[in-house]
Structures are given as C-alpha cells and as structure tokens.
Amino acid sequence: MEITAALLCDFAQVREGLLFVSSGGITRVMRPEYPAPLGVVLALVVDLDPEEHGEQHRVRVRVIDAHDTVLWDGTAELGVGQVQAETGEHISLPLVVDLRPVALPADGVYRLEVDANGVLRQILRLRAIHVPLPPGGPGNERTVTTGVPPPGGYL
C-alpha cells in the first residue's frame, strides 16, 4: 500500500470513487489569534497492489507541532472487497480527512504525518502565521470585489 497523493486543501470530497479537491496545495495558514482552528482538509489517494485487494488496511494521520507534541491523531480503516480487476491492476482509494477543527496553539511550523499499515509514507509541512486584525477589529476590514474599485481606489 502506498500513498500516491497527499494535499492540504480548503475542501475535498469523494464521489463515486473519485476525489474532488478545491484549493489544494496549502502550505500556510494565517490566523489573527491563537489558539486557532487549523482550517484545512487532507485529501489522500491510497494505492493498493493487486495482492492487497480484499484485505483491511489502516491509514493514520497525526498533526504534530514544532516541539513534537501530537495535537491530533486519527485512524481510518480502508478496504475493498473482491474487485473485478484485471491481473496486476492496482486500485486507488480516495480518502478525505477533515482537520478543520484541530486547534493550533500558536503560530509556527507544524507537520502532518501519514502512515499506511504502520509505515510512514508522507510528511506534509504547514506554517501557521500570526496576522493581526486591521485597526478597529472585526467588521472594519476593507474588501475589494474584483473589477469594482472601492471608494478611493484599490487597496
């Protein structure tokens, strides 16, 4: 079993065995204060060798801070029954792990470790950055709508 794709993204879903990813490839998140929610989803594709069909498999995901403290640890059981597959055909299984509510205690570097059946297969890194709210606090932010300049021009 291999992990052939691992992306942090804004949104992902599985439909009819296909993985849909929106805004994938996140490596930084910006938060005005900490603790803060991680706010991302992990999209994975697991590849099963032909001899692994019909077996149960385990994928484990851990979110770890710069001090090696595990902030979140989750496991998913995967498997396919007897599949109508050609000789030697691999099976790809998409998997979505919702990490949005995981609490980040502070800004800094975090890593996400993905193991398959107890073997580390992927490490993703993420930097959380502190970005203070603009003066006046929430609700006083200026926004720009594409193509329509705000009063006084573009920011």
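Would you pull out the residues with amide H under 5 Å of L78's amide H, same chain only if 5 or more places away, H placed 1.01 Å from N?
Here the answer is H57, R58, V59, since their amide H atoms fall under 5 Å of that of L78.
Return a whole-number percent for the relative contact order of segment 2-130, with Cα pairs under 8 Å and 6 or more residues apart as the contact set.
Relative contact order, segment 2-130: 33 percent.
In nm, to one decimal, how far is the modelled label at L18 from the one at E77, with both set 7 Å along Cα→Cβ?
According to this spin-label approximation, the distance is 3.0 nm.
So between T27 and A106, what do we pick up on full extension, going 0.36 nm a residue minus the alpha carbon distance?
Between T27 and A106, full extension yields an extra 26.8 nm.
Can you work out D for segment 2-130 in µm² s⁻¹ from Stokes-Einstein, where Rh is the Kirkwood radius over C-alpha pairs, the temperature is 37 °C and the viscosity is 0.692 mPa s?
212
Each value in this text was obtained by applying a stated rule to the coordinates, not by laboratory testing. Keep in mind it's a predicted model, so treat the numbers as computed, not measured. Every residue, glycine as well, gets a Cβ built from its backbone with ideal geometry; the counts of neighbours run over all protein chains shown.
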